[in-house]
Amino acid sequence: MALSGGWWGRAVARARGASGFLRGEAWPWRARPARYSSGRGPGPPAVTELDKADAWLLRKAHETGFLSWFRNGLLATGVGVISYVQSDMGREAAYGFFILGGICVSYGSASYLVSLFLLRRTMMLSVSTALLNCAAVTTVALFWLCAISLYIGRLEVEIIQDDGPNDKCQDKKKEDGKSDK
């Protein structure tokens, strides 16, 4: 009686008729896909030139996204290097720029790698090509990390050496028996 009249009843009846409930299909969206290896029916769909062009454009858009993140990371790192050289106040800001560059490079690399494996078939890439792309992106990110680590390490060594050489020279003079007279 609750479903028999009014707009609600008509909506339920339409939904049942449109989705295949009357034909015995309880959940048509859960139907099993057709198997192409059964020997019957059509084979897998042929790859057209349009599909190849779409895959190529998707690959290029995917690489452009990575290169954009990596470029922004390099710019932030460069600004960090410049601000470190400029003044004492810029040294604190430099570390912030180095962190920002690291976030850009790591997020760009990680998102590229994840979406590469998720979209590998759509981009029509073989497993070996996908692994080669992963190796290239990982290598570039590690080169950036090595360069930034060496630069920051060199900065820390310069800071320590600025304080140390004056004291060591005075200690050597005293050991030689010479006085400051």
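Every number in this text was worked out from the coordinates using simple rules, so none of it is lab data. As the structure is a prediction and not an experimental result, all values here were calculated from the model. Don't worry about glycine lacking a Cβ; one is built from the backbone with ideal geometry, like all the others, and counts go over all protein chains shown.
Within the shell of other residues whose beta carbon sits under 15 angstrom from the beta carbon of Tyr112, the net charge comes to +3, with Lys and Arg scored +1 and Asp and Glu -1.
Over all projection directions, the Cα-based convex hull of segment 47-116 averages an area of 4.7 nm².
Within the shell defined by Cβ-Cβ distances under 12 Å, the residues around Val127 carry a net charge of +2, with Lys and Arg each +1 and Asp and Glu each -1.
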